[in-house]
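What follows is calculated from the coordinates using simple rules that are stated; it is not laboratory data. Nothing here was measured: the structure is a model prediction, and the numbers come from that model. Counting neighbours? That spans all protein chains shown, and the Cβs are built from the backbone with ideal geometry, glycine included.
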């Protein structure tokens, strides 16, 4: 008896570069791709309920192993029935492995071949992540897709250090797969290699050869130029060739980046950007970024974006939002977040449609004109 | 041609003391009484949307003249179509007159017979409120019920000072009425007099004799004992006799207080307490107060209150809420606020039903057992 694949998928080529449209079928729902996953770092997409996420059109969300394991702990979430029940979201969830957050800790971590020892940003306590523990945590969380544990490094480091981290990532990929997740949990491997084409090719060869259910591209959108990001996506796409598995670009992104990556075969994205910038008052519209703290908006009776059907745009004016931000009202952060998540998921819906009807270039041109090609959000 | 009354009302006596059940009909909707009004100080009931308020069963909400006039200013709200459109709430709104907030400023205000000069808590700028300006602001806001401008004092001050402030309140009541509001705006007068029975009676005589559309009881729930509050409500109820106008107890309250006041003929309440304590993690249930920051709740899979149908209780566990509060997630404040407003409005619904079916004493007993008689929330 063979175990049924935890997820199935089907992708069709399009007339746009290597862009694909398709779907990923999980026991908790189907994700039409290309798609963006809102990030629920601490078991909540900040300020939003699961109902808000459904209304925004979210198909799949992301949870963070690093944060959830520190608080409330993976064991506690497991006792409470797993992450889906804990946060009240019954759709698909992907969990990262903690590699990125541990990388972000800078001086608070020490990497060895077996894993990483780090200091909690919450209370200074010492913790350890290994490939086996990262997989165990994700099994406890019960996500639909777990990520292999990887080592991310600054792509600006000397080639040897980038190569070392990549090689370690490959060894950890083997161990992550060997540790395995739950029977109903897919596992994605992560390609590293910085901004070095030959390392990226080597990483695709190593990770692609393993029995992962999907391939993630890690180590981008961490400070490299947009040109380097595009070049690496090109290299990875070439190296993956006609690999049929889902391709997930981690930590991206901003509106223009989606087009750059989709054209190079990427199916999935995640990023905190839409919600993070929303909390500062920056909202995204078809005309580009709008800062709700701008004095001029205090008298603007129009919605954030006339084409958007989110709760903020249906019921409230820019003037009202501008007031809420000035008054530091909690509703400001919520409505701006609702808008940015809705708008971003709407953009992905339009992007999928554009791949079918030949309007991809026009849609992209509008977004680049509104947001700029190199904008980081 | 006579102007139609901006609001109509009808109250029926009950078998419970002086308690009444009835309705207040405004052009924007009917309020079944007794009822509690959630407070939207800065044009938002903190953390909640108008949709949340509807879902919670809110019939009427309150806006604050003091805060709204400082930011975004009454003139700006008027330019944007009035407070209802500005905040997206199309139900009835009552605005206070700013008297209470100015009182709260303590050393930042100076009272003379014409009005009050005070320093903004936002930027230190100097402002002035008079009965005429308070009414003008409320006309600009476009509330359905405006409040006369009054002078509140600490009831613990010497009798002469309490009497002086009351006399000034009566002169300001005349001026508020003379200034008037919009044609479609009802105006309520405010009874003062501290905790002195003879002053309270004098105030009811003075305010009750004027052509106000409703009578508010001010200057309570500001530090006096629960016994003093009950005694003053008794005095006011006696003095009002069979006055048919709506009676509104300002700034109350906590669950047990509603019963004390309803029994003494009060129809309307407002208070920031349900939302303010929610943001500290205190939620109200049929079993009393629950602090969501309690360590024991981190493993509690049950809802805040099994009998509550709010979004927090339908979709989330105490354990999840406890996590959100520990993680200082914005969703914590929102869900706890949704719950407390829903629970409080549900209590008022049960209270109204209990006046009809004879179960008032039993309902009250349960609430007093759960919350204590003298609890301030």
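Considering only DSSP beta bridges where both residues belong to the protein assembly as shown, give the percentage that are antiparallel (nearest 5).
Working: 45 of 91 bridges.
Around 50 percent of the beta bridges assigned by DSSP in the protein assembly as shown are antiparallel ones.
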Whole-angstrom gap from the range A:8-46 to the range A:244-303, using each part's C-alpha centre: 17 Å
Given the range A:8-270, what percent of its DSSP beta bridges are antiparallel, to the nearest 5? 45 percent
Mind pulling the angle between the C-alpha long axis of helix A:131-141 and the longest principal axis of chain A? Nearest 10 degrees, somewhere in 0 to 90. 50 degrees
Convex hull per residue volume in Å³, alpha carbons only, for the protein assembly as shown: 174 Å³
Bin width 10 Å, origin at 0, all Cα-Cα pairs of the range A:278-371: what percent of pairs per bin? 17, 48, 24, 9, 1
Quick one: helix A:197-208 against the long Cα principal axis of chain A, what's the angle to the nearest 10°, folded into 0 to 90? 70 degrees
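What is the extension gain from residue B:117 to residue B:238, computed as 0.36 nm multiplied by their sequence separation minus the C-alpha to C-alpha distance, in nm to one decimal? Walk me through the numbers before you get to the answer.
Values: separation 121, 0.36 × 121 = 43.56 nm, distance 3.55 nm.
Answer, rounded to one decimal: 40.0 nm.
Okay, helix-only estimate at 222 nm for chain B: each DSSP H run of n ≥ 4 adds -39500 (n - 2.57), divide by all residues, round to 500 deg cm²/dmol; what do you get?
Values: 15 runs with 158 residues, N = 377.
Estimated from H runs of four or more residues: -12500 deg cm²/dmol.
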Which FRET efficiency, nearest 0.05, do residue A:373 and residue A:291 yield, Cβ-Cβ r, R0 22 Å? 0.60
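If you take each beta carbon of peptide A:329-337 and count the beta carbons of other chains within 10 angstrom, what is the mean? Display every interim value, and only then the final one.
Values: counts 8, 11, 13, 1, 3, 8, 2, 0, 1.
The mean count of partner-chain Cβ atoms within 10 Å per residue comes to 5.
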Find the relative contact order for the range A:8-270 and round it to a whole percent, using C-alpha pairs within less than 8 Å whose residues are 6+ positions apart. 18 percent
Most mobile of A:79, A:279, A:293 in a GNM of chain A (Cα contacts under 10 Å): A:79
Where is the GNM fluctuation largest for chain A (alpha-carbon springs, 10 angstrom cutoff): A:23, A:254, A:225? A:225
Calculated label separations, residue A:75, copies of the chain, 7 Å along the beta-carbon direction, nm: 6.4
Residue A:124 label points, 7 Å along Cα→Cβ, one per copy: pairwise distances from this copy to the rest in nm, shortest first? 3.7
In percent, how large is the relative contact order of the range A:238-377, given Cα pairs closer than 8 Å and 6 or more residues apart? 28 percent
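Based on the alpha-carbon gyration tensor of the range B:8-271, what equivalent-ellipsoid semi-axes (square roots of 5 times the eigenvalues) come out, in whole Å, largest first?
25, 24, 16
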Compute the acute angle (0 to 90°) between the alpha-carbon long axis of helix B:330-357 and the principal axis of greatest extent of the alpha-carbon atoms of chain B; round to the nearest 10°. 70 degrees
Inter-chain Cβ neighbour average for residues B:74-87, partner chain, 10 Å: 3
With a ≥ b ≥ c taken as the square roots of the eigenvalues of the C-alpha gyration tensor of the range B:49-179, please select rounded if a/c is under 1.5 and otherwise prolate if a/b is larger than b/c or oblate if it is not? prolate
Top mean-square fluctuation among A:155, A:274, A:27, Gaussian network model of chain A, C-alpha springs under 10 Å? A:27
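Please give the contour-minus-distance gain from residue B:55 to residue B:349: 0.36 nm per residue of separation, less the Cα-Cα distance, rounded to one decimal in nm. Working shown, then result.
Values: separation 294, 0.36 × 294 = 105.84 nm, distance 1.38 nm.
Here the segment from residue B:55 to residue B:349 would lengthen by 104.5 nm.
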What are the label-to-label distances in nm, one decimal and shortest first, from residue B:174 to the same spot in the other copies, with labels 7 Å along Cα to Cβ? 9.6
How high is the FRET efficiency from residue A:128 to residue A:209, r the C-beta distance, R0 25 Å, rounded to 0.05? 0.30
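Among DSSP beta bridges lying fully in the range B:46-156, give the percent that are antiparallel, nearest 5.
On the way: 7 of 12 bridges.
About 60 percent, rounded to the nearest 5.
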Pop the C-beta distance of residue B:357 and residue B:157 into the FRET formula with R0 = 41 Å and round what comes out to the nearest 0.05. 0.40
